[in-house]
Amino acid sequence: MPNKVKISSLVLTHNSEATLEECLESLQWVDEIVLIDDISTDKTQEIATKYNARVWIRKLDDFSSQRNFGLEKCTNEWALVLDSDERISVELKKEIEFILSRPCIESGFQIPRKNLFMRTWIRSIYPDYCLRLFRRAEGRYQGAVHESLDINGVIGKLKNPILHVSYRNIEEILQKTNHYTTLSAQELYNKGKKASFLDIILRPIHTFVKIYFIKRGFLDGIPGLILHILSGYYTFIKYTKLYFLVKKNK
């Protein structure tokens, strides 16, 4: 008979009331939901309690530390990590349950992610594999902003995707761009990086050309065009902030 393996799901939040309910609704099948909240001032914590999540309040210093703190609060062998704007589909749920119901040599699984921008599936960045399901004792995060997960062991791949409702409007993407570019510039500065004229001019162009033309982002229509231009804009702002950060601290 297949064995039932218990799963803890880890979710990070900060003023996530607009997206959190659907996220937690999609996780009601797991054995435990651990939510680490960055001092939200909206109804995030209230929603988490409604869905029986175990909540810890912790001010965000960097994303790796926040996730590692959350992993320590989880109690089950396997961890399933989601952002508050992501959802687990019924098909993915069934696939995870099937995979973990039988002996497996893998220590973790990459899961494809279906990114939706303004209700449009952005096919040019699919499958966008993310390592989100893993044996908790064998994984730890590194990196301040775009954190990576180090796993000791074999990594497998699942077929069904996580649904990622990335941005609902332009205001949201501009707000997050401002926040994350500040963190990214600081991370580069801490590593001793500098921003040259060519970084500020050419890197944004390279970002856009790579996604829009080489990865055929032009097939994503107007929503794809907007998103990919904003991706170049993100790169421009990041290196501009790095330039001024270096200049300020000379």
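Quick notes on this one:
- Options 100, 231, 78, ranked by Cα towards positive dipole end of the chain, top entry (Cβ charges): 231
- Relative to the dominant Cα principal axis of the chain, helix 170-190 is inclined by about 80°.
- Largest-first ordering by accessible area, 1.4 Å probe, given options 164, 179, 206: 206, 179, 164
- Computed on the chain, with alpha-carbon pairs under 8 angstrom and 6+ residues apart, the relative contact order is 18 percent.
- Gyration tensor verdict on region 5-71 (Cα atoms; rounded if a/c is under 1.5, prolate if a/b is larger than b/c, oblate otherwise): oblate
- Solvent accessible area, Å² - residue 51, 1.4 Å probe, full protein context: 30
- Considering only the Cα atoms of region 125-250, their convex hull presents on average a projected area of 9.9 nm².
- Within region 17-143, all pairs of alpha-carbon atoms sorted by distance into 10 Å bins from zero give the percentages 11, 41, 38, 10, 0.
- Loop-located trypsin sites (Lys or Arg not before Pro) in region 1-69 whose Cβ has at most 11 other Cβ within 10 Å (DSSP): 4, 59
- The listed residues 170, 33 rank as 170, 33 when sorted by accessible area, largest first, using a 1.4 Å probe.
- Applying Stokes-Einstein at 4 °C and 1.567 mPa s to the Kirkwood radius of region 59-123, computed over alpha-carbon pairs, gives a translational diffusion coefficient of 89 µm² s⁻¹.
- J(HN,Hα) series, region 234-250, from Karplus relation 6.51 cos²θ - 1.76 cosθ + 1.60, nearest Hz, glycine and proline x: 4, 5, 4, 5, 4, 6, 5, 5, 5, 4, 6, 5, 5, 5, 5, 9, 5
- Filtered trypsin sites (Lys or Arg not before Pro), region 176-211: DSSP coil and at most 12 other beta carbons within 10 Å: 191
- A dipole drawn for region 194-250 from +1 and -1 charges on Cβ atoms has a positive end, and of 201, 212, 240 the residue lying farthest that way is 240.
- Read-out semi-axes √(5λ) of the Cα gyration tensor in Å, derived from the coordinates shown; its label in (i) 44, 23, 18; (ii) 50, 39, 13; (iii) 32, 21, 19: (iii)
- Student exercise, region 1-84 dipole from Lys, Arg, Asp, Glu Cβ charges, in Debye to nearest 20: 300
- Label-zone membership for region 47-87, site residue 138, 7 angstrom Cα→C-beta point, backbone N under 17 Å: 76-81
- With protein chains left intact and a 1.4 Å probe, residues in region 163-203 average 65 Å² of accessible area per residue.
- With helices as the sole contributors, the chain gives -13000 deg cm²/dmol at 222 nm; each DSSP H run of n ≥ 4 counts as -39500 (n - 2.57), and the sum is divided by every residue.
- Here the convex hull built on the C-alpha positions of region 208-250 has a volume of 45 cubic angstrom per residue.
- R0 of 22 Å, Cβ-Cβ distance residue 175-residue 42: FRET efficiency to nearest 0.05: 0.95
The values are calculated or read from the model by the stated rules, or taken from the named source; none is laboratory data. Being a predicted model, the structure only gives us computed values, none of them experimental. When we count neighbours, we look across all protein chains shown, and the Cβ atoms used for this are built from the backbone with ideal geometry, even at glycine. Note: areas computed on protein heavy atoms with side chains; ligands, DNA, RNA excluded. Shrake-Rupley method; radii C 1.70, N 1.55, O 1.52, S 1.80 Å.
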